[in-house]
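Report on the following structure.
The values are calculated or read from the model by the stated rules, or taken from the named source; none is laboratory data. Note that this is a predicted model, so its numbers are computed, not measured. Reconstructed Cβ throughout: ideal geometry from the backbone, glycine too, with neighbour counts over all protein chains shown.
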């Protein structure tokens, strides 16, 4: 019988409970949050690492012998992942980069951006403390 993959979700806050349940169908999921030292150590013992922008995944994380096969990040930018180190380590990087059709269906980002612009223009953030 084959073993189930182990996944470390290093930044589990605001992670969809539904997505978590789907992931748990085929993998053993461990939750962070983890600090830098724990990330470096724990990444060696898992098959996949889920991060957002709170961690830098670089040669220190990827360059040691490990069972890590994939870094997964629900971001369009990859400044927090050293792609060269990932390639050298044979670790796949999965992200939302280039997923234009999927991203165009998400309206909350656009709405949130406009809400922030209006907040800054009308200075409502200052008034909220007095309500």
**Prompt:** What number goes with the only condition from (1) touching a helix residue (DSSP H, G or I) at 6+ places or on another chain (Cβ under 7 Å); (2) surrounded by fewer than 19 Cβ atoms within 10 Å (Cβ to Cβ); (3) closer than 19 Å to residue 94 by Cβ that residue 15 does not pass?
**Reply:** (1)
**Request:** Would you check which residues across region 40-54 are modelled with pLDDT of 90 or more and surrounded by fewer than 23 Cβ atoms within 10 Å (Cβ to Cβ) and list them?
**Result:** 40, 41, 42, 44, 45, 47, 48
**Request:** Report, by residue number, each residue of region 69-88 that is assigned to a loop (DSSP other than H, G, I, E, B) and farther than 17 Å from residue 7 by Cα.
**Result:** 75, 76, 77, 78, 79, 80, 82
**Asked** Looking only at region 59-68, which residues are over 22 Å from residue 29 (Cα atoms) and in a loop (DSSP other than H, G, I, E, B)?
**Response** 63
**Request:** Kindly check whether there is at least one residue in region 114-127 that is farther than 26 Å from residue 31 by Cα, exposed (fewer than 12 other Cβ atoms within 10 Å of the Cβ) and at pLDDT 90 or above.
**Result:** no
**Asked** Is there a residue being on the phi > 0 side of the Ramachandran plot and modelled with pLDDT of 90 or more anywhere in region 88-95?
**Response** yes
**Prompt:** How about region 43-52: which of its residues are touching a strand residue (DSSP E or B) at 6+ places or on another chain (Cβ under 8 Å) and either on the phi > 0 side of the Ramachandran plot or part of a loop (DSSP other than H, G, I, E, B) (or both)?
**Reply:** 45, 46, 47, 52
**Prompt:** Is it the case that region 96-110 has a residue that's at pLDDT 75 or above, closer than 30 Å to residue 43 by Cβ and touching a helix residue (DSSP H, G or I) at 6+ places or on another chain (Cβ under 7 Å)?
**Reply:** yes
**Request:** Could you please find all residues in region 26-42 being part of a strand (DSSP E or B) and either over 11 Å from residue 10 (Cα atoms) or without any contact (Cβ under 8 Å) to a residue 24 or more places away in the chain (or both)?
**Result:** 28, 29, 31
